[in-house]
Amino acid sequence: MASAPIPARSTAGAPVTPAATSTPSAISARGIGRRFKNTWALRGFDLEVGRGTVHGLLGPNGAGKSTAVRVLTTLLRPHEGTAEVAGHDVAAQGARVRYRIGLVGQNAAVDEILSGRQNLELFGRLYHLGVRAAARRADELLERFGLSETGKRPVSTYSGGMRRRLDLAAGMILSPPVMFLDEPTVGLDPRGRDEVWSAVRDLVDGGTTVLLTTQYLEEADQLADRISVIDAGHVIAEGTPAELKARIGGDRIDVVLRDEHALAEAAALVEGATGHTVRTAPRERRLSTEVDDRAASLTRAVRALDEGGVAVADVVLRSPSLDEVFLHLTGPDSAATTGPARPDENTTEAQR
Ligand SMILES: Nc1ncnc2c1ncn2[C@@H]1O[C@H](COP(=O)(O)OP(=O)(O)OP(=O)(O)O)[C@@H](O)[C@H]1O
Ligand SMILES: [Mg+2]
């Protein structure tokens, strides 16, 4: 996770303000292509991100998320297409773009031996703040990201969530109007993840536009106003979390039975209770189906199983997995799918 020390302006002082521009978008990309040797990592990539919004770029390993972020933050030149960030062209006006953005990348850049405060002061100095201004900014950011208490301790003693919050703080030294976060919660435990989510929400409440990449549907769902689903270098679906979830069929319930032989009977009961097709995984004694109304469907399904005398080992209400999203969006036969359906999964006919 890195707060890339993007070279800043040569003069310190005035706060950074978004450039006046005719476009209401903070980020706008059209037909971006970027190849490495003969392979296109990104091709025909389009993106519009409204000012003051959070946009999620959701996709599996190798989809092109980091390449998109690196093009939009001017670290890589696009081979095709054009993009503007904060009103400036990433290829022709790189310095102006860099002056208005912050980046928290996938690899750590904060120094382990230094304290949180010393790291932020160092970044402030790299951004050409004076000694006093850098110290003041470090204190403000430690306070804002809930690190005041631990600011004096070496980073090597920080939890994962604290490190990521320090990364976010380092990316915010100049209060950039646009922040790029590349997989900000990967590898964190649920508590660290919650800490980072709340820090991101604070950023947005302060008016910052955020583009965040993630492999977790739940993360995009929790944080993003809109989501672009990316696969094989281009966007395959875009919309609000609610629109995308409606397209992919909303939440799921999984039921694990005590006895595999009851699976067919249980599937029929759950289909009757939810009105949706049920998938069964006999080896795991598990059946899954989508639900429209969460708790109400769950209650109906459990009651139907109970009344039908089917013994249940476990019941879970959950969001669709990224695999399920991709299966829906790309179809099981498409080369773009992230993985095959489980080999032991079958779909039974819906009742009705
Ligand atoms: N510097 C590079 N040289 C060669 N190929 C690269 C380079 N950077 C990325 N690629 C390739 O481009 C494709 C997209 O990679 P990218 O890192 O953008 O994916 P990603 O969505 O960020 O994946 P992850 O979730 O693993 O971070 C991959 O096939 C990757 O191997
Ligand atoms: Mg990446």
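The values are calculated or read from the model by the stated rules, or taken from the named source; none is laboratory data. Remember, predicted model here, so these are calculated numbers, not experimental data. We place every Cβ from the backbone using ideal geometry, glycine too, and count neighbours over all the protein chains shown. The area values use the complete protein model at the heavy-atom level, side chains included, leaving out ligands, DNA and RNA. Shrake-Rupley method; radii C 1.70, N 1.55, O 1.52, S 1.80 Å.
Checked against the criteria, Ala304 counts as part of a helix (DSSP H, G or I), among the hydrophobic types (A, V, I, L, M, F, W, C) and either more than 28 Å from Val229 (Cα to Cα) or open to solvent by 30 Å² or more (accessible area, probe 1.4 Å) (or both).
For every residue, the table says whether it meets (1) farther than 25 Å from Thr74 by Cβ; (2) within 20 Å of the chain's Cα centre (by Cα).
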| site | (1), (2) |
| --- | --- |
| Glu238 | no, yes |
| Pro241 | yes, yes |
| Arg252 | yes, no |
| Gly272 | yes, no |
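Reported count of residues in segment 78-93, each being surrounded by fewer than 18 Cβ atoms within 10 Å (Cβ to Cβ) and either touching a residue at least 40 places away in the same chain (Cβ under 8 Å) or within 13 Å of ligand 2 (Cβ to nearest atom) (or both), is 3. Among the conditions (1) in contact with a Lys or Arg (Cβ under 8 Å, 6 or more places away or on another chain); (2) buried (at least 22 other Cβ atoms within 10 Å of the Cβ); (3) part of a helix (DSSP H, G or I), the only one that Gly192 does not satisfy is (2).
Kindly establish whether Val302 is in contact with a Leu (Cβ under 6 Å, 6 or more places away or on another chain) and either in contact (Cβ under 8 Å) with a residue 60 or more places away in the chain or over 27 Å from Leu329 (Cα atoms) (or both). The answer is no for Val302. The residue pairs whose first member lies in segment 313-324 and is closer than 24 Å to Ala63 by Cα, whose second member is β-branched (Val, Ile, Thr) and in a loop (DSSP other than H, G, I, E, B), and whose beta carbons are closer than 9 Å, counting only pairs six or more residues apart or on different chains, are Leu322/Thr338; Asp323/Thr337; Asp323/Thr338. Tell me, yes or no, whether segment 50-71 has at least one residue that is within 16 Å of ligand 1 (Cβ to nearest atom), assigned to a loop (DSSP other than H, G, I, E, B), touching a Lys or Arg at 6+ places or on another chain (Cβ under 6 Å) and at pLDDT 90 or above. Yes: segment 50-71 contains one or more residues that are within 16 Å of ligand 1 (Cβ to nearest atom), assigned to a loop (DSSP other than H, G, I, E, B), touching a Lys or Arg at 6+ places or on another chain (Cβ under 6 Å) and at pLDDT 90 or above.
Checked against (1) buried (at least 21 other Cβ atoms within 10 Å of the Cβ); (2) within 16 Å of ligand 1 (Cβ to nearest atom); (3) without any contact (Cβ under 8 Å) to a residue 60 or more places away in the chain, Asp182 passes all but a single condition, namely (3).
Scanning segment 28-62 for residues that are surrounded by 23 or more Cβ atoms within 10 Å (Cβ to Cβ) and under 18 Å from Leu223 (Cβ atoms) turns up Val49, Val54, His55, Gly56, Leu57, Leu58, Gly59.
When Ile32 is tested against (1) touching a Leu at 6+ places or on another chain (Cβ under 8 Å); (2) near ligand 1 (Cβ under 9 Å from one of its atoms); (3) not small (Gly, Ala, Ser), just one condition goes unmet, and that condition is (2). Which ones in segment 177-197 are more than 12 Å from ligand 2 (Cβ to nearest atom) and under 13 Å from Arg165 (Cα atoms)? Listed by number, the residues that qualify are Thr185, Leu188, Arg191, Gly192, Arg193, Asp194, Glu195, Val196, Trp197. Remark: Arg132 falls outside the filter, which requires a residue to be among the basic types (Lys, Arg) and either outside the structural domain of Ala41 (by TED's automatic domain parsing) or touching a residue at least 60 places away in the same chain (Cβ under 8 Å) (or both). Could you tell me whether Ala220 is surrounded by 17 or more Cβ atoms within 10 Å (Cβ to Cβ), part of a helix (DSSP H, G or I) and of a type in the set (A, V, I, L, M, F, W, C)? In short, yes. Here segment 237-277 is the region considered, the condition is being assigned to a strand (DSSP E or B) and over 15 Å from Pro320 (Cβ atoms), and the residue that is most open to solvent (accessible area, probe 1.4 Å) is Glu238.
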